[in-house]
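What follows is a single structure, written as structure tokens, with notes after it.
Every number in this text was worked out from the coordinates using simple rules, so none of it is lab data. Since the model is a prediction, treat every value here as computed from it, not as a measurement. Glycine gets a Cβ as well: all are built from the backbone with ideal geometry, and neighbour counts include every protein chain shown.
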Amino acid sequence: MLLAAHLLTRFDPHTGTIPGVGESVRRLSELAGYFADEAAYGAALSKGDPIVYATSGAEPAAGAGDLHYALARLMPGRIGGEYYMTKGHYHAWRPAAEVYVGLSGSGAMLLEDEAGEESSLVPLEANSIVYVPGATAHRTINTGATPLVYLGVYPAAAGHDYGAIATRNFRSVVVEVNGQPTLLDRREYLAALGQGAGAYRHP
Ligand code: F6R
Ligand code: MN
């Protein structure tokens, strides 16, 4: 059945907003434990609690073959050397893949397999599409100076599993080194910060 109200959605590619649809907002205080540099996180939070990212989702239908999609706006910024980023997640239904379409700004996606053996940093910016395979943890990172706006499209049945990442985080961090986004091993970065491997929560 064609439900006319669900067939067309107009959005603003510079803000990642859908007129008339409310956003779900993630502030810095909701990202406790996600950024590697705990001192820098505490210092930033003592100055304020900015919005790090906001999403507007659409769930037109929830049948077996249906799709859901969400626009997101990830703000520019850093905590220590680490760029502003999303929490990141697996899909609760592990086979569920996702397509990300970059709309404005510039950044990257950090992708990791579930065994924690492979990390990839894939550019995400206007005019680029990133395919996130099933069973792959995915996090978006803003490496630019303006908001990074993108669209994600995923199976309606995907669901979101934040627990694994909240517990052990990604194995890699993306930090600015000599002005360049650089993928580093989390354990080595924590050691360089003087936090030691004790703060590294991967098994
Ligand atoms: C949906 C999806 C994106 C994210 C968005 C926010 O499956 O991957 O729409 O939900 O980038 O990131 P999280 O959900 O990790 O806070
Ligand atoms: Mn997803």
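List of remarks:
- Sequence-distant residues sharing a close amide H with GLU98 (under 5 Å, placed H): VAL132
- Highest average packing first - 113-123, 162-172, Cβ atoms within 10 Å: 162-172, 113-123
- Along each principal axis, taking the top coordinate minus the bottom one, the Cα set of the chain gives 59, 35, 28 Å in descending order.
- Nearest-ten-degree value, helix 38-47 long axis tilted from longest Cα axis of the chain: 60 degrees
- In the chain, taking the dipole from charged Cβ atoms about the Cα centre, the farthest positive-side position among ALA32, LEU7, VAL149 is held by ALA32.
- Close amide H partners of ARG27, meaning residues 5 or more places away or on another chain with modelled amide H under 5 Å apart, are VAL52.
- The chain, dipole about Cα centre (Lys/Arg Cβ +1, Asp/Glu Cβ -1), debye to the nearest 20: 300 debye
- For a paramagnetic label modelled on GLU118 (point 7 Å from Cα along Cα→Cβ), amide N atoms under 16 Å away belong, within the stretch 135-153, to 135-139.
- Converting phi to 3J(HN,Hα) with the Karplus coefficients 6.51, -1.76 and 1.60 and the offset θ = phi - 60°, the stretch 20-27 yields x, 10, x, 9, 9, 10, 10, 9 Hz in sequence order, with x at every glycine or proline.
- The convex hull defined by the C-alpha atoms of the stretch 78-187 has an orientation-averaged projected area of 6.7 nm².
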